[in-house]
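One structure is given below, encoded as structure tokens.
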Amino acid sequence: MKKLVLVCAFVLGISALSFAQGGGRQRQTPEQMTARLKDSLSLTSDQVTKATAIFAAQAKSQDSLRAANTGGDKSAMRPAQAALRKATNDKIMAILTPDQAAMYKKQLAARMAARQQGGN
């Protein structure tokens, strides 16, 4: 019985450490972001190809920003990340039909509201 309690405590400790290190949240790949849009906006195959390229370029730029921020100051990165996010959203809007663009704007607004409620 003591061994079982010890093993449970060990597993709990390891899982707590892993969430503390990574924040418990992983970044989505460009393919995952495109798949989410494809499902919600009914993208064509041409739009899927373009969106994947846009999200891949965004991911590469974000990686560059993170690499340049060796001091770990997230507040210094926020303006650059916001500009990158806006540019990506503008590029996505350019490949959408007017109906899809309206739905995408609603999705962005809902995500922004959820982020503000969550305090992030």
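Descriptive notes on the structure:
- Of the residues making up segment 88-120, those that are of a type outside the set (F, W, Y) and either in contact with a strand residue (DSSP E or B) (Cβ under 6 Å, 6 or more places away or on another chain) or in contact (Cβ under 8 Å) with a residue 24 or more places away in the chain (or both) are T88, K91, I92, I95, L96, Q100, M103, Q107.
- Meets criteria (at pLDDT 80 or above and in a helix (DSSP H, G or I)) for Q21: no
- Residue among A102, A109, A82, A76 that alone is within 21 Å of A53 (Cα to Cα) and assigned to a helix (DSSP H, G or I): A82
- Close pairs (9 angstrom Cβ cut-off, 6 or more residues apart or separate chains): in contact (Cβ under 8 Å) with a residue 24 or more places away in the chain in segment 44-61, among the acidic types (D, E) anywhere: F55/E31; A56/E31
The values are calculated or read from the model by the stated rules, or taken from the named source; none is laboratory data. Everything quoted here is computed from the prediction, not taken from an experiment. Heads up, the Cβs are rebuilt from the backbone with ideal geometry, glycines too, and the neighbour counts pull from every protein chain shown.
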